[in-house]
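What follows is a single structure, written as structure tokens, with notes after it.
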Amino acid sequence: MQGILAAENRHSLLIVIGLVAFLLGIGFVAAGGDLGDFGITVLSGLFQGMLLFLVASGLSIIFGLMDILNFAQGAYFMLGAYVGYAFHHAPAVITAIPNRDLRFLLAVVLATAVGAVLGVILERGLLRPLYARPIFQIVLTFGVALVMTEAIKFFWSTTPYSWTEMFGFREGFFELFGQRFSTYRLFVIAVGFVLIGAIALLLRRTRIGIIIRAGVEDSEMVEALGINVRAVFTLVFTLGCALAAFGGVIAAPFLGATSNMGNAFLLAAIAVVALGGMGSYEGTAIGSLLVGLAVAVVAKFATQYLNQSVWASITPMLLMVVVLLVRPRGLFGKEE
Amino acid sequence: MTEQTQANLLEVRGIHTFIGQFHILEDVSVTVPQGSITVLLGRNGAGKTTTLRSIMGLTPPSRGEILFQGQSLVGKRPYHIAQMGIGYVPEHRAIFSELTVRENLEIAQRQPHDLEKRADFIFGLFPDLKRLYHLPGGHLSGGQQQMLAIARALVANNRLLLIDEPSEGLAPVIIEQLMDAIRALSAQTTVLLVEQNFRMASQLADRYTIIDDGHSVMAGSMADLVQDRALIHHYLGAA
């Protein structure tokens, strides 16, 4: 995280601290001063922030390294949810693997692997011939998102699926100031923090991480140093798609699987990447948590005082507009 | 393969290079003898940088031949050309500003311990880099960044270094230090240099090729060129 602590980012850190304090204040008011209610709102914000991070981190790293805004990232999130749901609920799988926790774990592995394989196919098969034509790439990823969404509707119908086959871990609750909160959601938050740390370590402490960070700055120079940048592109694109599919499958037990979940997360993730600073990993991590917290707080406030839930869904875009008005390059983006 | 070819580490033969629709190089030939410092001279926009980029495969030529140790480079990707033993120090240095000096050097390793093995040589040439080892590249001065860019090209024990405008924008005292370093490194590595500063070029190089409006027009020994004031004035505007 040395990047965000640099002197040029002090202004951004102050904005982040100010926004968090403001959101926590609003959250406390919306909870009517009830610590339990307030705590649940904050945890819900962290839960949503972590799911957003899983879509936005791939979007951000892919954009930073390859200059591709992958509009299919939301579709990979949705695909992860459907594949995970289908595997976990398939009668044949239930018979073969009666242990529900194990089945869920395998569903996570399978959905992530499917996301990764389709990521490789998209990058190598469709995007690679278009590296000289960036506009075509954007149109292509948009088209792929539409095709994936329609394919999912074709195979699984447009009926939303909610997770009916429960598993032990999913059912647990813990109490916070007298309020019950799902241990599964806490698990997702923990997984999110572990992934934030793991990706940061990958970027900071490994050779491939150094190559990715260098490639974000100048991929031509990286190639001129003897590194096959196209292979790195494939790896990063695959990782981004796998992360999105992983996010979808771990969100599915709570959010279910619906054919519009991809677009909803994609739009919020684009807002996260823009407000965090295009291509900045740290900006994306902080932006995800900020947007997640804002959505949870606004949802609580709107339900309590405005009786209009629409405010929560437009919150990511509103927050992005506010941040970009104050800081046009995003919180931790680099000056062009 | 002729005897001449074997003595030359690099031979560029009649290359033509386009950037978009613009025909930048229209028949450029350069020979770089093993162990020499060869300089490409010419006015701004003559095609010197494009020649280096064509050798590296960054703007590949559409016609002509480039041979390195007798092997053709045409059609190869830049990473493959670099792996064959060519280091590139581009104009404006292209230092990774977010990476520390250490990371800028580590990324250039082709084998796990390249930097360890070459550290004495590199820090012998550029002792300042040792002191700046943990600073981000973006925090370095122009001269320090140039030293880092050259050091980065030395990590992998390349047989040929392509160095583009090393003196650009640097103070005279730093240019002197760089000249000493290039002279010292040329004992181990052949150098193809692009340099606008004729004084620096003439003091460093053994051989020259003049590129004018996308054509290579003259080549020979630097000792002969410095005697020919009229030629220098005609092609380079320097006296």
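The values are calculated or read from the model by the stated rules, or taken from the named source; none is laboratory data. None of these values were measured; they are calculated from a predicted model. Virtual Cβ from ideal backbone geometry, glycine too; neighbours counted across all protein chains shown. Remember, those area values only see protein heavy atoms, side chains included, never the ligands or the DNA or RNA. Shrake-Rupley method; radii C 1.70, N 1.55, O 1.52, S 1.80 Å.
Chain pair A, B: how much accessible area is buried, both chains summed, with a 1.4 Å probe, in Å² to 100? Can you show the working numbers first?
On the way: alone 15500 and 11060 Å², together 24530 Å².
Roughly 2000 Å² of accessible surface disappears when A and B pair.
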Based on the Cα coordinates of the stretch A:80-195, what is the per residue volume of their convex hull in Å³?
159
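Rounded to two decimals, what is the ratio between the C-alpha radius of gyration of the stretch B:3-236 and 2.2 N^0.38 Å? Please report the intermediate quantities before stating the final value.
Values: Rg = 17.1 Å, N = 234, 2.2 N^0.38 = 17.5 Å.
Ratio of Rg to 2.2 N^0.38 Å for the stretch B:3-236: 0.98.
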Around B:Pro90, with a cut-off of 10 angstrom between Cβ atoms, what is the net charge of the other residues, counting Lys and Arg +1 and Asp and Glu -1?
-3
Along the stretch A:125-130, Karplus-curve 3J(HN,Hα) (6.51, -1.76, 1.60; θ = phi - 60°) to the nearest Hz, with x for Gly and Pro, reads x, 10, 7, 4, x, 10
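Given Cβ point charges of +1 (Lys, Arg) and -1 (Asp, Glu) and nothing else, what value in debye, to the nearest 20, does the dipole of the protein assembly as shown about its Cα centre take? Working shown, then result.
On the way: 39 positive and 41 negative charges, 215 e Å.
Once rounded to the nearest 20, the dipole reads 1040 debye.
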Expressed as a whole number, the average count of other chain Cβ atoms within 10 Å around the Cβ atoms of B:94-107 is 5
³J(HN,Hα), Karplus 6.51/-1.76/1.60, whole Hz, each residue of the stretch B:10-18, x for Gly, Pro:
10, 10, 9, 10, x, 7, 10, 10, 10
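When a/c reaches 1.5 or more, the comparison of a/b and b/c decides; with that in mind, is the stretch A:14-118 rounded, prolate or oblate per its Cα gyration tensor? Intermediate results must be reported in sequence, preceding the final value.
Working: a/c = 3.93, a/b = 1.43, b/c = 2.75.
Oblate.
Convex hull over the Cα atoms of the protein assembly as shown, averaged projected area in nm²?
Dividing the Cα hull surface by four gives the mean projection, 30.7 nm².
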Most fluctuating of B:Gln196, B:Gln145, B:Gln21 in the GNM of chain B (C-alpha, under 10 Å) is B:Gln21
What order do B:Glu176, B:Glu106, A:Glu150, A:Glu335 take when sorted by accessible area (1.4 Å probe), most exposed first?
A:Glu335, A:Glu150, B:Glu176, B:Glu106
A:Leu35-B:Leu135 pseudo-label distance in nm [points 7 Å out on the Cα-to-Cβ vector]
5.0
Grab the other residues whose beta carbon is less than 11 angstrom from that of B:Arg63, score K and R as +1, D and E as -1, and report the net.
-2
Any idea how far the Cα center of the stretch A:109-145 sits from the one of the stretch A:257-336, in Å?
25
For chain A, what number results from the quotient of the Cα radius of gyration and 2.2 N^0.38 Å?
0.99
Which residue, A:Thr234, A:Thr149, A:Thr164, has the most motion in a Gaussian network model of chain A that connects Cα atoms within less than 10 Å?
A:Thr164
Report, to the nearest whole %, how much of the accessible area of the stretch A:63-186 belongs to carbon and sulfur atoms, 1.4 Å probe, protein only.
71
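Would you work out the charge dipole size for chain A about its Cα centre, treating the Cβ of every Lys and Arg as +1 and the Cβ of every Asp and Glu as -1, and quote it to the nearest 20 debye? If you can, show how the numbers build up before the last one.
Working: 19 positive and 17 negative charges, 55 e Å.
My answer is approximately 260 debye.
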What is the magnitude of the charge dipole of chain B about its Cα centre, with +1 placed on the Cβ of each Lys and Arg, -1 on the Cβ of each Asp and Glu, and no other charges, expressed in debye to the nearest 20?
380
At a 10 angstrom cut-off on C-beta neighbours, averaged per residue, how do the peptides B:30-42, A:83-95, B:216-228 rank from highest to lowest?
B:30-42, A:83-95, B:216-228
Solvent-accessible heavy-atom area per residue, rounded to whole Å², over chain B at 1.4 Å
42
Distance in Å, no decimals, from the C-alpha centre of the stretch B:1-70 to the one of the stretch A:206-229 is 25
Separation of alpha-carbon centers, the stretch A:8-67 and the stretch B:150-212, rounded to whole Å
51
Who wins for biggest fluctuation among B:Glu165, B:Glu116, B:Glu103 in a Gaussian network model of chain B, springs between alpha carbons below 10 Å?
B:Glu116
Could you pull out every residue, at least 5 positions away or on a different chain, whose amide H is within less than 5 Å of the one on B:Asp164? Hs are placed 1.01 Å off N in the peptide plane, and Pro or chain starts have none.
B:Val89, B:Glu91, B:Val194
Given H placed on each backbone N at 1.01 Å, which residues far from B:Gly220 in sequence or on other chains put an amide H within less than 5 Å of it?
B:Tyr208
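Among residues other than A:Arg230 whose Cβ falls under 13 Å from its Cβ, what is the net charge (Lys/Arg +1, Asp/Glu -1)?
Working: positive: A:Arg124, A:Arg128, B:Arg77; negative: A:Glu123, A:Glu220, A:Glu223.
Result for the local shell: 0.
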What 222 nm value per residue comes from the helices of chain B, counting each DSSP H run with n ≥ 4 as -39,500 (n - 2.57) and dividing by all residues, nearest 500 deg cm²/dmol?
-10000 deg cm²/dmol
Between B:Ala7 and A:Arg10, the two model label points (7 Å from Cα along the beta-carbon direction) sit apart by a distance in nm of 6.3
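Would you mind working out the accessible area per residue for chain A, using a 1.4 Å probe, and quoting it in Å²?
Counting only protein heavy atoms, the per-residue value for chain A is 43 Å².
Quickly estimate the mean residue ellipticity at 222 nm for chain A, helices only: each DSSP H run with n ≥ 4 gives -39500 (n - 2.57), and the total goes over all residues, rounded to 500. The partial results should precede the final answer.
Values: 13 runs with 246 residues, N = 336.
About -25000 deg cm²/dmol.
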